[in-house]
1. Given springs between every Cα pair under 10 Å in a Gaussian network model of the chain, which of Ala48, Ala66, Ala76 has the largest fluctuation?
2. Could I have the simple spin-label model distance between Gln5 and Val77, label points 7 Å from Cα toward Cβ, reported in nm to one decimal?
3. In degrees, nearest 10, range 0 to 90: what is the angle between the Cα axis of helix 38-54 and the longest Cα principal axis of the chain?
4. Would you mind checking the tilt of helix 61-93 against the longest principal axis of the Cα atoms of the chain, expressed as 0 to 90 degrees and rounded to 10?
5. If I compute Kirkwood radius over Cα pairs in Å from the structure I just sent, which labelled value in (1) 16.9; (2) 17.4; (3) 16.0 lines up?
6. How much mean residue ellipticity at 222 nm does the chain get from its helices, if each DSSP H run of length 4 or more adds -39500 (n - 2.57) and you divide by all residues, to the nearest 500 deg cm²/dmol?
7. To the nearest 10 degrees, how steeply does helix 24-35 sit against the main Cα axis of the chain, on a 0 to 90 scale?
8. For Val27 and Ser59, compute 0.36 nm times the residue count separating them, minus their Cα-Cα distance, and round to one decimal in nm.
Amino acid sequence: MTAEQPYYPRPVPPAMTSPAPTNGMSVAALVLGILGIAPLAVIFGHLAARDIRNNPPQSGYGMAIAGLVLGYVVLAVWAMVFVFFLVVMIGASTIPTA
């Protein structure tokens, strides 16, 4: 008399899920921030961050924040350059000419 082996079903592998789609505006914000096109980088970064917060299955929040940071840094540099040239021009115009 042989003991019958119990039947164990074959384990099912986990289902493959597709990754969350990346928000296109976050990619645009990052690229524009790298290129130094600050106003558009800031605009796209804010729009992408808001869109990703309101639509959780999307990814790219880090790229949106990186685009924002780069955009604001470039804007700050532009502002410092503008103030520098403004001070130089005002200083140059007050030098007495002989």
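FYI, it's all coordinate maths here, none of it is from the lab. Here the structure is a predicted model, which is why all the values come from computation and not from measurement. Using ideal geometry, Cβ is built from the backbone for each residue, glycine included, and neighbour counts are taken over all protein chains shown.
1. Ala76
2. Label-label distance for Gln5 and Val77, simple model: 6.8 nm.
3. On a 0 to 90 degree scale, this one is about 30.
4. The angle comes out at about 10 degrees.
5. Among (1) 16.9; (2) 17.4; (3) 16.0, the one calculated here is (2).
6. On the way: 3 runs with 62 residues, N = 98.
Roughly -22000 deg cm²/dmol at 222 nm, from the helical runs in the chain.
7. Taking the Cα atoms of the chain, the angle to 24-35 is about 40 degrees.
8. Working: separation 32, 0.36 × 32 = 11.52 nm, distance 1.04 nm.
Taking 0.36 nm per residue and subtracting the Cα distance, the gain is 10.5 nm.
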